[in-house]
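I have placed the structure first, in the form of structure tokens, so that the comments after it can refer back to it.
The values are calculated or read from the model by the stated rules, or taken from the named source; none is laboratory data. Owing to the predicted nature of the structure, the values given are computational and were not obtained by experimental measurement. When we count neighbours, we look across all protein chains shown, and the Cβ atoms used for this are built from the backbone with ideal geometry, even at glycine. When the accessible area is computed, the model is the full protein with side chains, heavy atoms only, and any ligands, DNA or RNA have been set aside. Shrake-Rupley method; radii C 1.70, N 1.55, O 1.52, S 1.80 Å.
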Amino acid sequence: MTAAELIVSGGLCLLPGRGLAAADIVCSGGSIAEIRAPGGGAGGIDAAGCLVLPGIVDIHGDAFERQIMPRPKTMFPLDMAMRETDRQLAANGITTAYHGITISWEPGLRSLEQSLRVVAALDRLEPLLAADNRIHIRWETFALDQAAEVLKLLARARAPLLAFNDHTSPLMKAADARSAVNRHAERAMVAPERYLALYEQAIARGDGVPAAIHALAEAARRQGVAMLSHDDRTAEDRAFYRALGAHIAEFPVTAEALDACVDGEDVVVLGAPNVVRGGSHCGAIGAEQAVRAGTCAILASDYFYPAPLHAALDLVERGALPMERAWALISANPARAAGLADRGGIAEGLRADLLVLSPLDRQPVATVCAGRAVYRSR
């Protein structure tokens with residue numbers, strides 16, 4: 001076995017069109033070089049008694065924010081936070097992660113300045129990281145002064161994702177508006193009164209929002225950046241963003257919005273924690289129900305990195321989907337939606353991103369990213 005070669009041997013591998021089948025996987029130069037009959041020789045990872053699955057592609061995750069600010073107004077160094085996040089990714093079988101950096105008009109955790117620091121930290125740490133760490137730009141549509149920096153991020157060599165978020169206009173319409181303002185103010189690291197003043201300034205510029213959305217969407221189309229809309233509430237919301245080329249809808253809030261996604265043949269992303277917990281934490285659409293109805297194509301970690309792995313297995317155990325289709329929700333489907341044709345499955349020539357999983361306790365035994373063992377529990 002050469003230094004550039006890794007063999008995963010003796011496991012049941014999830015192969016396209018075949019389901020779980022005994023095979024050895026030879027990884028070389030970062031790719032899957034060969035899938036062969038088991039027993040061909042000693043390898044780097046003994047997967048006997050385990051499942052060998054495609055690495056998880058997480059299209060939307062912001063749990064890294066809990067590493068940066070584990071308590072309100074308590075910030076930790078970014079290098080420490082992002083390396084800890086990367087360890088959590090690898091330990092949960094996530095080999096490609098799109099980190100949801102929010103670019104808002106807010107100061108603090110979701111400010112432009114903080115998001116640019118996160119991007120810089122990921123770029124600086126890249127040689128040391130286990131997973132393929134990428135960015136998912138969550139642009140708050142009222143953040144007009146920050147749009148120019150978003151344009152620059154769209155040109156990154158490893159294409160980001162661009163999501164259109166509006167957490168601004170619904171804020172004061174919420175039943176618990178006062179507590180929501182207090183929570184947001186803590187995250188922004190300002191007093192509630194200061195937060196409300198900044199909010200009023202943002203709302204007052206609402207007439208400029210549609211033009212800014214159109215400009216960023218046009219730029220994303222030129223760059224070949226996949227676009228998403230976030231928290232669609234109505235069929236009109238979905239139609240508006242679909243017309244701009246945003247064919248991915250993440251976390252549609254209402255049945256009306258979900259039906260509009262189906263009618264428009266959009267790709268729907270829902271939260272894996274929703275499946276694991278048996279429902280949405282905020283009263284939104286039930287993800288398992290949508291999966292069973294065939295209306296949800298992708299499950300994302302959202303705010304909890306262990307969730308995709310367990311959600312896929314839960315769906316199999318509950319009889320919602322067979323293994324290959326359930327696992328596609330967290331591997332092949334998000335890879336395709338993000339434009340990553342080189343991963344999301346186990347086939348010769350694809351990137352060697354693999355998860356070796358113990359079916360007895362659902363624990364990852366090993367994670368392989370680009371042919372390199374980046375996590376091992378035994």
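Calculate how steeply helix 112-125 sits against the longest principal axis of the alpha-carbon atoms of the chain, using the helix alpha-carbon long axis, and give the answer as 0 to 90 degrees to the nearest 10. Between the helix axis and the principal axis of the chain, the angle is about 20 degrees. The antiparallel fraction among DSSP beta bridges confined to the chain stands at about 45%. Taking the chain as the reference, fit the longest principal axis to its C-alpha atoms, fit the long axis of helix 192-204 to the helix C-alpha atoms, and give the angle between the two in degrees, 0 to 90, nearest 10. Tilt of helix 192-204: around 80 degrees. For the stretch 1-157, the relative contact order comes to 18 percent (Cα pairs under 8 Å, sequence separation of at least 6). The mean sequence separation of alpha-carbon pairs under 8 Å and at least six residues apart, normalised by the residue count of the stretch 127-167, gives a relative contact order of 55 percent. Per atom type, the chain shows carbon and sulfur on 53% of its accessible surface, probed at 1.4 Å.
Rg(Cα) of the stretch 156-241 divided by 2.2 N^0.38 Å? Expressed relative to 2.2 N^0.38 Å, the Cα Rg reads 1.29.
Every helix of 4 or more DSSP H residues in the chain counts as -39500 (n - 2.57), and over all residues that averages to -10000 deg cm²/dmol at 222 nm.
Normalised by the number of residues in the chain, the mean separation of alpha-carbon contacts (under 8 Å, six or more apart) gives a relative contact order of 21 percent. Against the chain, whose longest principal axis comes from its Cα atoms, helix 177-188 is set at around 60 degrees. Could you give the Stokes-Einstein D for the stretch 268-332 in µm² per second, using the C-alpha Kirkwood radius, 20 °C, 1.002 mPa s? Roughly 192 µm²/s, to the nearest whole number. Each of the peptides 146-155, 103-112 was scored by the mean count of other Cβ atoms within 10 Å over its residues; in descending order, highest first, they stand as 103-112, 146-155.
Run a plain Debye calculation on the stretch 86-181 (Cα atoms as equal point scatterers, no solvent) and give log10 I(q)/I(0) at q = 0.20, 0.24 Å⁻¹, rounded to two decimals, same order as the q list. Here the Debye-derived log intensity ratios amount to -0.99, -1.22.
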